[in-house]
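First the structure, in the form of structure tokens, and then the observations on it.
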Amino acid sequence: MTHALLIDDNPQNLRVIAQLLAKQGIDTTEIYDPLALETVLPDEQPDVIFLDLEMPGTNGYAVRDTLRTHYPDAPIIAYTVHVSEINHAREVGFDGFLGKPLDTARFPDQIARILRHEPVWERS
């Protein structure tokens, strides 16, 4: 089964993306506290990682670096309301970008492309 790792400090955002992924048959692990990342990361390599960029006590850029050491092959997708961050996210090595709120009509195609390791850089 395809597995996604979701990291966001907002439980509502996690619920939304987890539901969208479940509709695509994708299982999820949800992490609410990025500061506890090292103690809660799953052992198995996820097929995709969705990472919020703005979280209390840290940010998605620092968390991305930690994730990359644990999961060198998983695409890490920035997803944030701060759509102005799209170019910076690309420059620092994110594998894709989705603006919040996620477009539920376009999401099935976006996740299919991400899982095929095709670039997805979309503000909404």
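The values are calculated or read from the model by the stated rules, or taken from the named source; none is laboratory data. Source: prediction; values computed, not measured. Note that we place each Cβ from the backbone using ideal geometry, even for glycine, and neighbour counts take in every protein chain shown.
When you scan region 36-52, how many residues do you find that are part of a helix (DSSP H, G or I) and exposed (fewer than 13 other Cβ atoms within 10 Å of the Cβ)?
First pass over region 36-52, keeping only residues part of a helix (DSSP H, G or I): 36-40.
From what is left, the residues that are exposed (fewer than 13 other Cβ atoms within 10 Å of the Cβ) are 36, 38-39.
Selection size over region 36-52: 3.
Suppose we keep only residues that are touching a residue at least 40 places away in the same chain (Cβ under 8 Å) and charged (D, E, K, R) within region 32-56. Which one would you say is nearest to residue 13 (Cα to Cα)? Spell out how you get there, then give the answer.
Step one: filter region 32-56 for residues touching a residue at least 40 places away in the same chain (Cβ under 8 Å), giving 44, 46-52, 55-56.
Next cut, charged (D, E, K, R) only: 44, 47, 52.
Working: 44: 23, 47: 20, 52: 9 Å.
Checked region 32-56; the qualifying residue nearest to residue 13 (Cα to Cα) is 52.
Please enumerate the residues belonging to region 90-104 that are hydrophobic (A, V, I, L, M, F, W, C) and more than 17 Å from residue 6 (Cα to Cα).
Scanning region 90-104 gives a single hit, 92.
Please name all residue pairs, on different chains or six or more residues apart, with Cβ atoms under 7 Å, provided the first residue is in region 57-86 and is touching a residue at least 60 places away in the same chain (Cβ under 8 Å) and aliphatic (A, V, I, L, M) and the second residue is surrounded by fewer than 16 Cβ atoms within 10 Å (Cβ to Cβ) and part of a loop (DSSP other than H, G, I, E, B).
The qualifying pairs are 74/45.
Condition first: surrounded by fewer than 17 Cβ atoms within 10 Å (Cβ to Cβ) and either within 13 Å of the chain's Cα centre (by Cα) or in a strand (DSSP E or B) (or both). Now tell me which residues in region 66-80 satisfy that.
Once the filter is applied, which keeps residues that are surrounded by fewer than 17 Cβ atoms within 10 Å (Cβ to Cβ) and either within 13 Å of the chain's Cα centre (by Cα) or in a strand (DSSP E or B) (or both), region 66-80 yields only 68.
Do you know which of the residues in region 4-29 that are surrounded by fewer than 17 Cβ atoms within 10 Å (Cβ to Cβ) and in a strand (DSSP E or B) is farthest from the chain's Cα centre (by Cα)?
The extreme case among them is 27.
Just checking, how many residues over region 87-109 are part of a helix (DSSP H, G or I) and buried (at least 19 other Cβ atoms within 10 Å of the Cβ)?
The total comes to 1.
Being modelled with pLDDT of 95 or more and farther than 18 Å from residue 22 by Cβ is true for just one of 112, 74, 105. Which residue is that?
When all the criteria are applied, what remains is 74.
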